[in-house]
1. Using the Cα centre of segment A:85-173 as origin and beta-carbon charges of +1 (Lys, Arg) and -1 (Asp, Glu), tell me which of A:V107, A:V124, A:A90 is placed farthest towards the positive end of the dipole.
2. Given A:K131/B:K131; B:K96/B:K135; B:K96/B:K131; A:K91/B:K131; A:K32/B:K41; A:K32/B:K32, which pairs have Cα atoms separated by over 19 Å?
3. Taking the Cα-to-Cβ direction at A:R172 and at A:T137 and moving 7 Å from each Cα, how far apart do the two end points lie in nm?
4. Please give the length that would be gained between A:A113 and A:V33 if that part of the chain were fully extended, namely 0.36 nm times their separation in residues minus their C-alpha to C-alpha distance (nm, one decimal).
5. With θ set to phi - 60° and the Karplus curve 6.51 cos²θ - 1.76 cosθ + 1.60, what are the ³J(HN,Hα) couplings of segment B:98-106 in order, to the nearest whole Hz, using x for Gly and Pro?
6. For A:L140, list long-range residues whose amide hydrogen, built 1.01 Å from N in the peptide plane, is under 5 Å from its own amide hydrogen.
7. Ordered shortest first, which distances in nm separate the 7 Å Cα→C-beta label point of B:E141 from those of the other copies?
8. Along Cα-to-Cβ, 7 Å out, sits the label point; list in nm, shortest first, how far the one on A:Y19 is from those in the other copies.
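Throughout, read-outs are computed from the coordinates displayed, never taken from laboratory work. From a predicted model like this one, the values you see are computed outputs, not experimental measurements. Every residue, glycine as well, gets a Cβ built from its backbone with ideal geometry; the counts of neighbours run over all protein chains shown.
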Protein chains: 2
Amino acid sequence: MTRGGKRTGAGRPTGTGQYGEETKPVRVPVSKVNAVKDFIKNETELPTLPLYGSDVQAGGPTPADDYVENQINLHDYVVERPAETFFVRAKGQSMKNIGIGDGDLMVVDRSIAPRNGHVVIAAVDGDLTVKRLNKTTDCLELLPENEEFQPIRVSSEQHCHIWGVVTNVIHRV
Amino acid sequence: MTRGGKRTGAGRPTGTGQYGEETKPVRVPVSKVNAVKDFIKNETELPTLPLYGSDVQAGGPTPADDYVENQINLHDYVVERPAETFFVRAKGQSMKNIGIGDGDLMVVDRSIAPRNGHVVIAAVDGDLTVKRLNKTTDCLELLPENEEFQPIRVSSEQHCHIWGVVTNVIHRV
DNA sequence: CATTTTATTTTTGTTACATAATTCAAAATA
DNA sequence: TATTTTGAATTATGTAACAAAAATAAAATG
């Protein structure tokens, strides 16, 4: 006894797969199969988050989407030249006045030519320090941003190398 | 005319493929096929950068790899719960003392239950503000971190909603 | 009408296959 | 004999194909 016949509209709907999208087999080295699967899932969640301006007018429990200025990817926001950028953890409070505190993560770009006024990472006789650069014809000064600290005057006998210019600071509150 | 016969050792050797390893087909959403291929070849610039401790002993032009503490992905470093996290740009200097300045990007986690001492994003009568939370049985206070500013005492007639707790600040230097 | 059964259609992991790539050895050539 | 050409052997690689699972609608049943 047949129950047959065409059933238009029946069947699993398209887009009900785990990716909501067509898939295609790709050959992957066996050692990376799991990493690739993770990669696919992690990339599915965009690494961007909404940015709300602080002039938002709202009282609701969640900021309204109207006020989203932008979706921001932190990495892109903070690093311009990945190949030339690295992080250094700050030590001490000598730059406190400009918001660099002990333990903060500094983003350093080594491709920026250091100029006076730049906040730089300098290695003086092998010791790393963050300071504001002030170079005159006579001497090289490294200025703190905290009255409790003294400027460093680098003598000609001392070894000093500028590693890069600090572009951003990430501060745990 | 035959040129035949057994040829032991002939043929393409194993491991001469582009990955030097056995491969296996994996289903990938079509929009990510290229990203996955890049990922396999490691041509994807990983969004991680090296972190150097500030106790590095070095004088060379580039920090030595020995001193790399870690490869850091900024996004992961700063956001714990992506679905519950958003950014707000700071306005004004009322929290200057703890390193939050005008224009800084604040990372806000709305899943953290706000407690006294937490730095929170509050909407008071529709105005957004960053302050330190101090709630007593009688009243709710929002304390600045700058002597030039006054605490905000939220009266019972006023609308106040805490949007979330500030966990990190990104500061352009 | 509610529930169960059957049919239909898409997803998904894997196998299979045709073609490309790479190497070895025999045959042809110089 | 030394070198080049040709054919055979073997693995790599992209994709078609297949089978099982999943999801839904229609039909049958009570």
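1. Projecting each Cα onto the dipole axis, the largest value belongs to A:V107.
2. From the list (A:K131/B:K131; B:K96/B:K135; B:K96/B:K131; A:K91/B:K131; A:K32/B:K41; A:K32/B:K32), the Cα-Cα distance tops 19 Å for A:K131/B:K131; B:K96/B:K135; A:K91/B:K131.
3. The answer from the label model is 4.8 nm.
4. Once the chain is fully extended between A:A113 and A:V33, it gains 24.5 nm.
5. 9, x, 9, x, 4, x, 5, 9, 9
6. When sequence neighbours closer than 5 places are left aside, the close amide H contacts are A:V154.
7. In nanometres, ordered from closest: 4.1.
8. Label-point distances to the other copies, shortest first: 1.5 nm.
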